[in-house]
Amino acid sequence: LFGVELNDQLVAGVMLTGMESAVGLYNLCVLPNLRRKGLGSQIVLKVSEIAFGMGIPVVLQCEPSLEGWYQRLGFRRIGTVEAFSFTPSLF
């Protein structure tokens with residue numbers, strides 16, 4: 001877990017997982033009042049720079065509504081994930 005502080009306040013964070021073949025980027029969060037100011041992009045680009053230096057790609061899963069944002073940062077879709085959850089009221 002990595003955080004970004006501004007004036008002693010946590011304003012953004014990201015969870016990274018390191019593997020031999022890739023860096024996983026998950027749960028990128030930026031405070032709502034600081035979105036659309038480039039902070040999230042800076043975080044993703046820094047993670048990408050570090051992974052590139054290691055010779056491995058960055059991979060992630062995201063909501064479909066965020067695909068365009070990640071594509072503008074150089075990511076491309078390589079597949080989809082289907083998630084299932086248990087709903088107790090069905091039983």
Quick check on region 19-91: take the gyration tensor over C-alpha atoms, sort the square-rooted eigenvalues as a ≥ b ≥ c, and tell me if it's rounded (a/c under 1.5), prolate or oblate. oblate
Based on DSSP H runs of at least 4 residues, each adding -39500 (n - 2.57), what is the mean residue ellipticity at 222 nm of the chain after dividing by all its residues, to the nearest 500 deg cm²/dmol? -7500 deg cm²/dmol
With every protein chain in place, the chain: carbon and sulfur % of accessible area (1.4 Å): 56
In nm, spacing of pseudo-spin labels at Tyr26 and Arg76 (7 Å Cα→C-beta vector): 2.6
With the 1.4 Å probe rolled over protein heavy atoms, the chain has an accessible area per residue in Å² of 81
Taking 30 Å as R0, compute the FRET efficiency from the Cβ-Cβ separation of Thr87 and Leu10 and round it to 0.05. 0.35
Can you give me the long-range amide H partners of Val58? Hydrogens built in the peptide plane at 1.01 Å from N, cutoff under 5 Å, separation of 5 or more residues or another chain. Val23
Can you compute 3J(HN,Hα) from phi for each residue in region 58-72, using the Karplus curve 6.51 cos²θ - 1.76 cosθ + 1.60 with θ = phi - 60°, rounded to whole Hz and x for Gly and Pro? 9, 10, 7, 10, 8, 5, x, 5, 9, 4, x, 4, 5, 5, 5
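The values are calculated or read from the model by the stated rules, or taken from the named source; none is laboratory data. Keep in mind that what you see is a predicted model, and the values were worked out from it rather than measured. Positions of Cβ are generated from backbone atoms using ideal geometry, with glycine treated the same way; all protein chains shown enter the neighbour counts. SASA here: full protein model, heavy atoms, side chains in, ligands and nucleic acids out. Shrake-Rupley method; radii C 1.70, N 1.55, O 1.52, S 1.80 Å.
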